[in-house]
Structures are given as structure tokens and as C-alpha cells.
Amino acid sequence: MDRTPLVPQLFGHAAVSAGLSLRDYLHDGEALAHAQICARERYRTDAVFAFLDFGVEAEALGAPLSFRDDRYPDVVGSVLGADDDPARLRLPEPASAGRMPVCLRALRTMRGRLGDSALVAGAVAGPMTACAQLYGIENALYLAIDDPPRLAAALDFSTRLAIRYGLAQLDAGAHAVIVFDPAASPAVVPPGFFREFLAPRLERVLAALRDGGAAFTWLNIAGPTAGILDCYARIGADVATFDYYLSAAEACRLLPRTCLAGNLKSLDFLDAAPDRIERQARALVAAFEGRGGFLLSSGCEIPPEAAAGNIAAMAAALSGD
Amino acid sequence: MDGPHTSGPSTGAAFQPLVDALLVGDHKLLAAVAQRLIEQGCSREQVVTDGLEHAMGLLDDKCTVESFNLLEIMLVGRAVSSVVRVLYPDGYAPTQGRATFVIATLEGDVHDLGKNIVRMVLAGKGFRVVDLGRDCPVDDLVGAAQREGAVAVLVSGLISPVVSQVRKLRPALRACGLAHVPVVAGGAALKQLRPEALDVDYVAENAFDGAHYLERHVSGAPAA
């Protein structure tokens, strides 16, 4: 590739761009694949994503979700009550559980149509995020203090869940599976908690994905990650997303040999400001000149309702790169 | 708040166990300590001002933008709530508390953890907070502000679709004659935008930052 790869986190925006409701997009693998491929062509990006939402894993285990046309679903009932033991859960079968098949179908279609001409990426929830789905975020966090062994058991289950779902995505054609773990962010749990409870489990997920044939591993945690970024390389992340809280220089200092993806502010894409987006994107690309190992992206998901001109401006920043 | 202080223990040392329990987030111990202080003759106001508010001040100093995290704050919040339940089983009455705020997560957003934390932090600082819950219509929030005599309206938002709802708040307040009531926004999505982009008075980086703004507002100090 003769320029910096353009890998914006375009998920639900692909649906909006294709004139689909999010509800339909999230229930139909063919529609999702078509919308992703159209978005890639429209914005000349280098990746498509079979990311659905953060309710997929919980839904596959029986949690009810509330869907709307214009936004992501909400988990409206926890799989586990505050006092429930995660040992009663059984891993779901990705080929049939909830909407996991939607993701697998989208990956098969996208890989079949794109081959190796673009990155075809899958997505799983990391252990802390999946655990928060199962218990609800408040109960999951209180477990850390009230019942650490039960939290550990829930995290172990979530780790096995991420591995099983991720391996199914690789079998369906994903080049790589991005591990999204927003609940592992230092905005949610302290860095010490991350190192003790989450890093070893993320390491297991990333190793299993690599052993399962992933071209590379990718860890995506949004928010102020300065306190944990330095351990990403040790736990096996080949690519690391960094959010707007960190400068490019700081991210490079913390992860000198890891490919970095980031870090335009996602909410900046809402209101039309293409000149500013292009200027910021050009500055980012310039910051990595000479280092390499950079994917131009946003630090978090670009909102579904983002202004199209802003995303086009991001692509324009790479012209002449 | 209560009337004049009663004759219970009034030294800082008497409240140290309460402060210590709050700082480690031990809600059960904290509730027991608060109960004991009341039984020893402390007024509810003393427990709030010399205990809770003092501890919250110490926590506030510890919580920088870099070190603020939900887990630790939630533990403290749960502890504060346990004390407030001991002191005011029915919540602060309209005549109690340093001032009244109304708070909500607006329609379209059901993520209310951030809102709950703000509510608990403000309760720990002795304010009365009327919580309208999540997925709350703008008109309901404005109506509550009018009804409760709120001195500020607070909104928390985790996801981007709520931005359009926040932008409706100011015109709705103005239409009800509440143009003077400031709006404070916070949460992962909203804090990425500037106040003028949201048409609010202040965008808080976290719960303590928002509380600082509100303290200044209530005391009549100029905004920082």
C-alpha cells in the first residue's frame, strides 16, 4: 500500500449511508455486508467491519434487547442477577445463537466479494465488556469489591465466550477480529484492576485468535488509556486503538513497536466541519511520518448520524500522502 | 437541612471513622458509623457537613481527570447513598439541602450510570438532587425544574443521538421562563463537545468537575 491505510470506525454509519434502518442492518448479514462495502467504496477506506453492537453476546445468552430504527439496541434485562453464579451459563453456539449468525453471514459475504483487497474485520466484546453485559455494569463493578472470585469466574466465562465467537468469525472469513473492551477503559476501572484482572484474560483472547488464524490481533479500548497502553504489547496486541485523550507522540512513546490506530475525536464527526477534520487528519499522518505503523482512524466509533462530508474529509487528508 | 447543631460530638476526630469508611467505599461500615453518630447526638447536618462533605472534599482532591474512574467513584457513591438513607429515609425534603438540582438522562439514552454517580456525589456534598431517571423527555425535565425550584439542570449522555435532545433544553427552559437556570452536561459523548455546540452553560469533564461548577454557581462566584 502506497499510503497510510484509512480505517475509520464506520459501523452503524454504513447503514445510514445506505438508507437502511439500524434495526434492519443489525438483523440481516447480507444487508450489513452490502452497506459496509458501499461505505468502503464511498469513502475509499481500506476496511469493512462486521461489528453489530454490544448486545450481541448477552442476547446470544438469552438477554432481551430493545431495538429502535435509529440507534443501537439496549440490553433491557440482565442475563445474570446480582447474586447469580456465572457457572450456570453455557457458551452459546455462534452458528445459531441470537444474532451471532448475522455477523458470520456478513463476514462470509464481505470476504467472498472483497477477497484480500480490503481488511475484513470481525468484532467481539472483551471480557470486561461482556461481563458488564451479563450482569449490568453497576453489578459487575460492585462484584469487584463484594465478591472478587465471582467476578473472576464471570470474566473467565466472558473470555471463553470471546474466544469461541472470535474463532467462528475467523472461520467465516475475517482476516482479523477486533477485541472491543470499552468497559476495560481507565475511565471505568483503575489501571491496577486492568493489570490484575483483565490483562491476563485479554492475553488469552488475543493468543487464541492468533492461533486460530488471525492475520494480526487488534485491541480497541476507548477513553483515557495512558495508564494501561504500555502493557498492550506484552499481552499480544499487534494493533492498538488510541483515543483522543492521548497525543500521537504519547501513544508512540508507550507503544514504540505496535501499530497504532486513531485518534480523531468521534463526536467531531457529528456537525459539519470538514476543513477541521481534514486538518487534524493531516496532522496525524504527519506525526507518524518516518515511524510507520499507523492506521488513520477515529479513537472510537464514528456516530451513525455523522456528517458524510466529515468522513470524506478524512479520506481527502490522505490524497498526496 | 436540620436546625441548629445539637450537643453531640463535634470534633473532627469524631467524624474520622466516617471519613475513613467513605474514602474506602465501605457502604455497610459507613451506614453503621452514621447511625452511631446520630445515636450519640450528632445532628444530621453535622454528619453531612463535617463527615460527608469533608470526605468528598478529600476525594475530590484525589480525583484528577487522569485518575477518575467509575469503579472507585461508584463505591463511594454507594457509601454516600447508604448514609443518606440513614439520615433521610425519605430523601431530602424541598426545604433541605444546600440547593436543588434536577438531573436526567434524556430521551433516547438509557445509560444512567454517569447520572447516578453525579447524583451521589452531589448528595455527598449536601445538595438535593431530583432524579428524573433515564430516557427522560425534555419537557418532563423542564417541568421538574420549574416545579422543584431547581437552580440548575443537569444532563448526562453516553451516546451521540442524545446530542439533539440536549440542544432542545435551552429553548424549552426559556419558553417556561427559566432562561436564568443554567444547564450542565456531562458523560462520555457530551463531554466531547463544547458548551456552545450543545447550547449549554458548562460541559463537565467528570462528576467532581461538574460539582465545582455548581458550587460556584450556588455561591454566586463567577464561572471559572
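The values are calculated or read from the model by the stated rules, or taken from the named source; none is laboratory data. Keep in mind that this is a model prediction, so the values were computed, not measured. Cβ coordinates were reconstructed from backbone atoms using ideal geometry, including for glycine residues, and neighbour counts include every protein chain displayed.
For the structure I just gave you, tell me whether A:Asp116 is out of contact with any helix residue (DSSP H, G or I) (no Cβ under 9 Å at 6 or more places or on another chain), surrounded by fewer than 22 Cβ atoms within 10 Å (Cβ to Cβ) and of a type in the set (Asp, Glu). Answer is yes for this residue. Candidates A:Arg71, A:Arg90: the one that is among the basic types (Lys, Arg) and surrounded by fewer than 19 Cβ atoms within 10 Å (Cβ to Cβ) is A:Arg90. The condition of being under 18 Å from the mean Cα position of the chain (by Cα), away from chain A (no Cβ under 14 Å) and not in a loop (DSSP other than H, G, I, E, B) holds for only one of B:Val181, B:Val121, that being B:Val121. Please tell me if A:Gly227 is more than 14 Å from chain B (Cβ to nearest Cβ), in contact (Cβ under 8 Å) with a residue 12 or more places away in the chain and more than 16 Å from the chain's Cα centre (by Cα). Spelling it out, it is not the case that A:Gly227 is more than 14 Å from chain B (Cβ to nearest Cβ), in contact (Cβ under 8 Å) with a residue 12 or more places away in the chain and more than 16 Å from the chain's Cα centre (by Cα). Scanning region B:133-157 for residues that are aliphatic (A, V, I, L, M) and under 22 Å from B:Ala123 (Cα atoms) yields B:Leu141, B:Val142, B:Ala144, B:Ala145, B:Ala150, B:Val151, B:Ala152, B:Val153, B:Leu154, B:Val155. Filtered by the rule that a residue be among the acidic types (Asp, Glu), buried (at least 17 other Cβ atoms within 10 Å of the Cβ) and more than 14 Å from A:His13 (Cβ to Cβ), region A:269-321 gives a lone residue, A:Glu278. In region A:187-213, the qualifying residues are those that are surrounded by 17 or more Cβ atoms within 10 Å (Cβ to Cβ) and small (Gly, Ala, Ser), and the one that is nearest to the other protein chains (Cβ to nearest Cβ) is A:Ala187. When the residues of region B:124-178 are filtered to those that are part of a loop (DSSP other than H, G, I, E, B), surrounded by 15 or more Cβ atoms within 10 Å (Cβ to Cβ) and among the hydrophobic types (A, V, I, L, M, F, W, C), which remaining residue is nearest to the other protein chains (Cβ to nearest Cβ)? The residue in question is B:Ile159. Of all residues in region A:258-301, those satisfying the criterion of being in contact (Cβ under 8 Å) with a residue 24 or more places away in the chain, closer than 23 Å to A:Asp238 by Cβ and assigned to a loop (DSSP other than H, G, I, E, B) are A:Thr258, A:Phe288, A:Arg291, A:Gly293, A:Gly299, A:Cys300, A:Glu301. Just one of (1) in contact with a Pro (Cβ under 9 Å, 6 or more places away or on another chain); (2) buried (at least 21 other Cβ atoms within 10 Å of the Cβ); (3) within 13 Å of another protein chain (Cβ to nearest Cβ); (4) more than 19 Å from A:Glu301 (Cβ to Cβ) fails for A:Asp243. It is (4). Among residues of region A:44-74 being assigned to a loop (DSSP other than H, G, I, E, B) and among the hydroxyl-bearing types (Ser, Thr, Tyr), the one that is farthest from the other protein chains (Cβ to nearest Cβ) is A:Thr45. For region A:149-164, a residue qualifies if it is more than 15 Å from A:Leu89 (Cα to Cα) and of a type outside the set (Val, Ile, Thr), and exactly one does: A:Pro149.
For region B:13-66, residues that are assigned to a loop (DSSP other than H, G, I, E, B), at pLDDT 80 or above, surrounded by fewer than 17 Cβ atoms within 10 Å (Cβ to Cβ) and within 14 Å of chain A (Cβ to nearest Cβ) total 1. Residues of region A:75-107 that are more than 21 Å from A:Ala33 (Cβ to Cβ) and part of a helix (DSSP H, G or I): A:Pro86, A:Ala87, A:Arg88. Only one of these conditions is not met by A:Ala174: (1) away from chain B (no Cβ under 14 Å); (2) crowded, with 21+ Cβ neighbours inside 10 Å; (3) part of a helix (DSSP H, G or I). Which number is it? (3) is the only condition that A:Ala174 fails.
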